[in-house]
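Participant: This structure is in structure tokens; I'll ask about it shortly.
Bear in mind that the values in this text are calculations on the coordinates, not laboratory data. Please read all numbers here as calculations on a predicted model, not as lab measurements. Virtual Cβ from ideal backbone geometry, glycine too; neighbours counted across all protein chains shown.
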Amino acid sequence: MKRDCSEAQAEVYEYLDGEMGFLKRWRMKRHLRDCPPCTDGFSFESKLQQKIRQDCVDDVPEELLARVKTFIRQNGPTDTSADPNAGGSDV
């Protein structure tokens with residue numbers, strides 16, 4: 001397997017989820033255009049992800065939704081994006 005293929009396979013979900021920057025996305029598109037085996041694998045993963053999004057949807061219980069809304073109303077939304085220790089990592 002070529003290095004480009006290994007990278008493409010490792011980054012397929014980042015690509016599918018729209019989490020890549022412009023240059024990285026462009027490189028992935030170019031690789032998929034030129035590599036039929038990776039294109040087939042990408043097509044499968046894309047269809048699988050779509051199927052999961054369509055069929056694996058759970059309804060949130062009303063009681064839980066009410067509790068979360070009450071908590072947010074009383075405490076305000078929590079934004080941990082500026083907190084380097086959010087998530088419990090001490091690294």
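Participant: Expected output is a single nm value to one decimal: the length gained when fully extending between Trp26 and Asp59, i.e. 0.36 nm times separation in residues minus the C-alpha distance. What is it?
Facilitator: Contour length minus the Cα-Cα distance gives 8.2 nm.
Participant: Moving on. Farthest toward the dipole's positive end in segment 3-75, which of Pro61, Ile72, Phe22, given Cβ charges of +1 (Lys, Arg) and -1 (Asp, Glu) about the Cα centre?
Facilitator: Of Pro61, Ile72, Phe22, it is Phe22.
Participant: Applying 1/(1 + (r/R0)^6) with R0 = 35 Å to the Cβ-Cβ distance of Tyr13 and Asn75, what FRET efficiency is obtained, to the nearest 0.05?
Facilitator: 0.60
Participant: Would you list which aspartates and glutamates come within 19 Å of Lys29, measuring only between C-alpha atoms, while excluding same-chain residues fewer than 8 positions from it?
Facilitator: Asp4, Glu7, Glu11, Glu14, Asp17, Glu19, Asp40, Glu45
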